[in-house]
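Below: the structure, in structure tokens.
The values are calculated or read from the model by the stated rules, or taken from the named source; none is laboratory data. Since the model is a prediction, treat every value here as computed from it, not as a measurement. Cβ coordinates were reconstructed from backbone atoms using ideal geometry, including for glycine residues, and neighbour counts include every protein chain displayed. SASA here: full protein model, heavy atoms, side chains in, ligands and nucleic acids out. Shrake-Rupley method; radii C 1.70, N 1.55, O 1.52, S 1.80 Å.
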Amino acid sequence: LGPLPPSPQWDSPPHWPGCPTGLIADGACIRCPNLDCPSRLERAILYWCRKLGMDGIGEKLAEQLCSTGLVEGLADLYRLEDREEELLALDRMAEKSASNILEELNSSRSMTLSSFISALGLPRIGPEIASLVCSEVNTLEEIISMTEDRDNAVKRLVSIDRIGETVANLLLDGISSRREEILDLYSHIEITEEITASSDGPLSGSSFCITGSLSRPRKEIPLSIKSAGGKVVWSVSGRLDYLVAGGAAGSKLDKATRLDVRVLPAADLEKSIGGGI
């Protein structure tokens, strides 16, 4: 075999639109180091909403929220209920759409600490790593205090199975650099007890994703599924077993249909929990 062909060359932009800070190389990726970068905030909003199962805030709306100054940090999402008139003034924003967005935001005010940490979008800190960390650390205050004693914090974190020094430092760096923003967001969130999925139950071995408007508070449904042995995920893929669909299910329902994922009406979930699927 001959030598490998040279890697393709491409020109990266000097910075993201609307941000004067130059991009930097981070392994195989480029990123903006400016925590106040408008494009970075838009992506953080989308990541937060997707991780928590909120479909109402898409790219265009995230861009409008940032460009108009309605949202300057994730915590501002939860202040929108006090600025409903300004929300309604956005382009193509109808009263029903605004109401649905505010309802979704209110339904996401309660979550476990691991869900909170993973939805922040810290580099390489996804749901699995967040759950591992929260098996050792029980409160956000404790995690924040760990950033003030780095050496001991790293030792404590690497004692957790599957967490190494690189991930431990990424977590501590991410929390430390966004401390005030995270605390502001935390003040709007109720942290609930971590739920460990039962090894046995009528839903054991099945994965569920939840979408659409529901008759029960959204936070209750994942707890019910996990207590019955099921696994809750936040995105639709070909590996998903069931999509629990309420009213106005939207893009997740479309994707589930394309992938032949079984759709379970939200009204039928209690019957499934009681007797299995």
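When you filter the trypsin sites (Lys or Arg not before Pro) in the stretch 141-194 for DSSP loop state and at most 14 other Cβ atoms inside 10 Å of their Cβ, you are left with R162. The modelled label-to-label distance for the pair E270/E128, using points 7 Å beyond Cα in the direction of Cβ, is 3.6 nm. If the chain linking S215 and I144 were pulled fully straight, counting 0.36 nm for each residue of separation and taking away their Cα-Cα distance, it would gain 22.0 nm. The modelled label-to-label distance between R79 and E193, using points 7 Å beyond Cα along the C-beta direction, is 3.4 nm. In this simple spin-label model, placing a label point 7 Å from the Cα along the Cα-to-Cβ direction at both S237 and K155 gives a separation of 3.7 nm. Taking every protein chain into account, the accessible area of the stretch 216-262 amounts to 53 square angstrom per residue (probe 1.4 Å). Bridging of K252 to lysines at a Cα separation below 23 Å is possible for K51, K60, K96, K219, K226, K231, K271, once same-chain residues fewer than 8 apart are set aside.
Using 0.36 nm per residue, how much length does the chain from S110 to E86 gain when fully extended, once their Cα-Cα distance is taken away?
Answer, rounded to one decimal: 6.1 nm.
Between K96 and L223, the contour length at 0.36 nm per residue exceeds the alpha carbon distance by 42.9 nm. Split the accessible area of the stretch 131-225 by element, probe 1.4 Å, and carbon with sulfur accounts for 46%.
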